[in-house]
Structure formats: structure tokens, C-alpha cells
1. Which whole-Hz couplings ³J(HN,Hα) result when phi for each residue of segment 15-24 is put into the Karplus expression 6.51 cos²θ - 1.76 cosθ + 1.60, θ = phi - 60°, listed in order with x for Gly and Pro?
2. Restricting to DSSP loop positions (anything but H, G, I, E, B) with no more than 12 other Cβ atoms inside 10 Å of their own Cβ, which trypsin sites (Lys or Arg not before Pro) remain in segment 1-57?
3. Starting from the 7 Å offset along Cα-to-Cβ, what nm value, one decimal, do you get for the label separation of Val56 and Thr26?
4. Could you tell me what a quarter of the Cα convex hull surface of segment 7-73 works out to, in nm² with one decimal place?
5. Which pairs break 25 Å Cα to Cα here: Lys12/Lys68; Lys3/Lys23; Lys3/Lys43; Lys33/Lys55; Lys3/Lys55?
6. Only loop residues by DSSP count here, and only those with at most 11 other Cβ atoms within 10 Å; note down the GluC sites (Glu not before Pro) in segment 8-47 that meet that.
Amino acid sequence: MAKKPNFEEALKKLEQTVQRLEKGETSLEESLKLFEGGMKLAKLCSLRLEEAQRKVEILKRTEDGKLKREPFPAQENGETEGKEIKPDNDDQLLL
């Protein structure tokens, strides 16, 4: 099983994929494969960011001057609030 790239590796691969697609020098079949791989990379990056967001805590000062830990606020539309996010089995990226 191939090791999943970390956020920085996935983002770099995604940027390289976008650059290749923007050049327009690939065949339609290769472009589709690159696009599919890019979508998986974008999803992986999004999942990694959401994981990090859930781990971040904000210290807030209460009215009595004490610091209080609170979870990082979820997205304003609440899409990920209370949901467990699991990557697909096909998130193994072999680009």
C-alpha cells in the first residue's frame, strides 16, 4: 500500500497537475487521468485542512479574566459540524 502524501506533498502534486493541464500538451485520455488524480488530491488536501481545523483551539478570555479553551469554529454553513470525515479507499494517489 502506498503512503498517502501529507498536505504539503499533496498540494505540490496538485499544483504540478494543474500546470500540466493548463499547458494543454497532453492527450484527452491523459488529461482525464490527470484531472481525476487532481480531484483526489484536492479532496485529500481538503480533508487534511478540515482535520487540522478540528484540532485547533482558540483561547478566549472570559468575563472574569480567565482563559477558556474553545474548539475552532466549524465552517459557517455547518457542513462538517458533527460529521466524521473519512477518506475514500481510492484516495491512494499514485501520480
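Readers should treat all values here as calculations from the given coordinates under stated rules, not as data from a laboratory. What you are looking at is a predicted structure, and each value in this text was computed from that prediction instead of being measured. Note that each Cβ is placed from the backbone with ideal geometry, even for glycine, and that neighbours are counted across all protein chains shown.
1. Once θ is set to phi - 60°, the couplings for segment 15-24 become 4, 5, 5, 4, 4, 5, 5, 5, 5, x Hz.
2. Working: sites: Lys3, Lys12, Lys13, Arg20, Lys23, Lys33, Lys40, Lys43, Arg48, Arg54, Lys55; in loops: Lys3.
Filter output for segment 1-57: Lys3.
3. 3.1
4. Details: hull surface 22.8 nm².
The orientation-averaged projected area of the Cα hull of segment 7-73 comes to 5.7 nm².
5. Flagged as over cut-off: Lys12/Lys68; Lys3/Lys23; Lys33/Lys55.
6. Values: sites: Glu8, Glu9, Glu15, Glu22, Glu25, Glu29, Glu30, Glu36; in loops: Glu25.
Qualifying residues, ordered by number: Glu25.
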